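For reference, the structure discussed in these notes is given below.
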Amino acid sequence: MKKTILTILLFIFFNSTAKAVNFEGPATQYAIVMTYLEMCETGSTDAVCLNPVTIGSGESASIDIANTSAGKAAASYGSLSKLTFGKSYSYMQVIMKRQITISGTVSDGSNTCRTDANNSDISKNVAGKTTGTPSTITLYIGDTTNGNGDNVNSVSAGDGTGTAQAVGTIDDDDQFVQFRGPLVAPVILKPGQIPTMTIAFGTSEALGYAGSSGGCAATAGETQGLYGSSPDVTITVK
């Protein structure tokens, strides 16, 4: 049987964390790198991927989802031919690098903060600037805390062998993050019928700012500053 390469399947759906104040704004660039991709059998939940089947592994190319048209492929990664015929799969689970490349702005209603300089410390958020054109920088996904939602946790390795944090928790020194997300409809592989998957992205709230003092400052730890927030992603199987 000919192997069919599927469209990138990315579902970054973690919730806002329990910071004093959180704001989100649009990203005009949002580039990620995937390292592991699994399908989860029907019965899976945001917190649990049942009987996962690995359909993609290894580092993907850098994928700029902010500049991918709705329903178009940002990249190809994995093969549906690895699924078991007749089994129903309703969730996917992906591991990706926490470090992303991003450009954008976020406002707290009175101040607008623009991306400014790279974040070289995985354990911290980063300051922005209040004027000028947003710069393209590197940031890390999520605040390092619990309460991020059941569908996300950080992991210590990107190849599926690492130690996973409890659901909803991102550890401040983990380089990778794991997400689980539902498909629009379950996938059941049948002989001679390989489904096609399409994806639509939205990055109108993909840059996050945590803090309570306003402006674009960053403080020690991750109590304040810019971080990578959550794009909207819809996965459809036909």
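The values are calculated or read from the model by the stated rules, or taken from the named source; none is laboratory data. Nothing here was measured: the structure is a model prediction, and the numbers come from that model. Counting neighbours? That spans all protein chains shown, and the Cβs are built from the backbone with ideal geometry, glycine included. Please note that ligands, DNA and RNA were not included when accessible areas were found on the heavy atoms of the full protein model with its side chains. Shrake-Rupley method; radii C 1.70, N 1.55, O 1.52, S 1.80 Å.
Observations on the structure shown:
- Element breakdown for region 24-172 at a 1.4 angstrom probe: carbon and sulfur atoms account for 43% of the accessible area.
- Neighbours of SER156 by Cβ distance under 14 Å: Lys/Arg scored +1, Asp/Glu scored -1, total -3.
- Computed lengthening from ASN111 to GLN193, 0.36 nm per intervening residue step minus Cα-Cα distance: 24.3 nm
- Residue-span extension gain [ALA166 to ASN67] - 0.36 nm each, minus C-alpha spacing: 32.4 nm
- Computed E for SER120/ALA217 - FRET, C-beta separation, R0 30 angstrom, nearest 0.05: 0.95
- Here the gap between THR138 and ASN51, fully extended at 0.36 nm per residue and compared with their Cα-Cα distance, gives a gain of 27.9 nm.
- Each of SER156 and ASP173 was given a label point 7 Å from its Cα along the Cα-to-Cβ line. The distance between the two points is 1.0 nm.
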